[in-house]
Amino acid sequence: VDTGTEKYRCYVRGRLKKEADACNMISPVAVGDHVAFSVTGPEEGMIEKVHPRRNQIVRRAAGRRPMGQTLVANLDQMVAVFAVKEPPLHIRMVDRFLVVAEGANVPAALCINKIDLADPGEIRETFAPYHHAGYPVVYTSVITGEGLEDLKQLLKGKLSMFCGPSGVGKSSLLNALQPGLSLKTRSVSRLTSKGSHTTTHTEIFSLDFGARVADTPGIKELGLWAVKPEDIMELFPEVVPYLGDCRFSTCTHTHEPGCAVKKAVDQGRIHHARYKSFVKMIEEG
Ligand SMILES: Nc1nc2c(ncn2[C@@H]2O[C@H](COP(=O)(O)OP(=O)(O)OP(=O)(O)O)[C@@H](O)[C@H]2O)c(=O)[nH]1
Ligand SMILES: [Mg+2]
Ligand SMILES: [Zn+2]
């Protein structure tokens, strides 16, 4: 617990853990929480209460029993970080991150990193649907320094969460924004090794230009939590304007005749790639 002047290593009341478990949540506290705690020793304490959250990014935790895991709470925005390549870009995953943010009522933005590795025209084309959907998109390279000023502007005055697959450069970007931060990043010799995350815990860093950023370990799969399939369509902002206009009020926008969403896709007013993601997510549930 950070009081602003001091830091305390805290335990969590068993009662809070039991309450969380009863709600199928892995833990009662998360990075970004505001808590009440009692001091039990030098730099040690006990978390007594977790204050209500403004919002939270929750994913379905790995394991057989369906459990939710709060990654970060009380955010101003999620910045989903992806690399144009190395690791390969999975555009479905971009859409999934954005859906999770929309479902959590957390404003989302994209940071597309490693632009030094691909053709600028191709990059623009790939991410055009996200500009169209209204998401802020910044394009960065830690190698050339391109876009770092745009990223600063995006982060200024806010608490943001950096999330994305492992190896896309989340920690490298933070190091580039704040020389001296010296976060551990993946060394070149380990570039080919798979399954190892360089960042192993989530932590909020205060940057000198007036921003706070939660760096998180790479996420392989962001399982949807507490999002019903019938609600997914509302989590694609560019689809929302067409939702009331289908012939059938029960339209799922996947195969029905007279579907206003499909018509908008055919007319190019909703991007086809985004629509494909949307249908896939509904099918997967
Ligand atoms: N070419 C290129 N390489 C980059 C860029 N940014 C980061 N890298 C490299 O990408 C690798 C991974 O960077 P990290 O910052 O450790 O990635 P991460 O997203 O924090 O990874 P996890 O902590 O595992 O989630 C490192 O070897 C970096 O040097 C970039 O803009 N261009
Ligand atoms: Mg990292
Ligand atoms: Zn429809």
Find how many whole Å separate the alpha carbon centroid of the range 68-82 from the alpha carbon centroid of the range 205-274. 17
Expected max-MSF residue from Val100, Val12, Val239 in the GNM of the chain (alpha carbon, under 10 Å) is Val12
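Give me the Kirkwood hydrodynamic radius of the range 136-268, using the inverse of the mean 1/r over all pairs of distinct Cα atoms, in Å to one decimal. Write out the running numbers ahead of the final one.
On the way: mean 1/r = 0.0555 Å⁻¹.
Computed over the range 136-268, the radius equals 18.0 Å.
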Angle between the Cα long axis of helix 272-284 and the longest principal axis of the chain, 0 to 90 degrees, nearest 10? 70
Most fluctuating of Met67, Met78, Met161 in the GNM of the chain (C-alpha, under 10 Å) is Met67
Counting only residues 5 or more places away or on other chains, whose amide H sits under 5 Å from the amide H of Gly169 once H atoms are built in the peptide plane? none
Would you kindly state how much longer the chain becomes between Lys263 and His201 on full extension, computed as 0.36 nm times their sequence separation minus their alpha carbon distance, in nm to one decimal? 17.9 nm
Hey, can you grab everything whose amide H is under 5 Å from the amide H of Ala83? Only 5+ residues off in sequence or another chain; H modelled, so Pro and N-termini drop out. Asn113
For the chain, the longest principal axis of the Cα atoms and the Cα long axis of helix 91-103 enclose an angle in degrees, to the nearest 10, of 70
Can you list residues whose amide H is under 5 Å from Glu48's amide H, if they're 5+ apart or on another chain and H is modeled 1.01 Å from N? Ala36, Phe37, Ser38
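Can you give me the % of accessible surface on the range 125-273 that is carbon or sulfur? Probe 1.4 Å, all protein chains present, nothing else counted. Write down the numbers at each step before the final one.
Numbers: 4050 of 7690 Å².
Accessible surface attributable to carbon and sulfur in the range 125-273 totals 53 percent.
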Tabulate in residue order the Karplus-calculated ³J(HN,Hα) for the range 44-61, using 6.51 cos²θ - 1.76 cosθ + 1.60 with θ = phi - 60°, rounded to whole Hz; enter x for Gly and Pro. 10, x, 10, 6, 9, 8, 9, 5, x, 8, 6, 6, 7, 9, 10, 10, 6, 6
May I ask you to evaluate 6.51 cos²θ - 1.76 cosθ + 1.60, the Karplus curve with θ = phi - 60°, for each residue of the range 10-19 and list the ³J(HN,Hα) values in order in whole Hz, giving x for glycine and proline? 10, 8, 10, 3, x, 4, 5, 5, 5, 4
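If the only charges are +1 at each Lys and Arg Cβ and -1 at each Asp and Glu Cβ, what is the size of the charge dipole of the chain around the Cα centre, to the nearest 20 debye? Mind showing how you got there, number by number?
On the way: 36 positive and 32 negative charges, 149 e Å.
About 720 debye.
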Report the far tail of the P(r) of the chain, meaning the percent of Cα-Cα pairs longer than 26 Å. 49
Fraction of antiparallel bridges per DSSP, the chain only, in percent to nearest 5: 45
Roughly how many Å² is the accessible area per residue of the chain, as a whole number, for a 1.4 Å probe? 52
Just to be sure I understand: with springs between alpha-carbon atoms less than 10 Å apart, which residue in Ala36, Ala133, Ala260 has the highest mean-square fluctuation in the Gaussian network model of the chain? Ala36
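The values are calculated or read from the model by the stated rules, or taken from the named source; none is laboratory data. Just so it is clear, the structure is predicted and the values come from calculations on it, not from any experiment. In this analysis, Cβ positions are derived from the backbone assuming ideal geometry, glycine residues included, and neighbour counts consider all displayed protein chains. All accessible areas refer to the heavy atoms of the entire protein, side chains included, with ligands and DNA or RNA removed. Shrake-Rupley method; radii C 1.70, N 1.55, O 1.52, S 1.80 Å.
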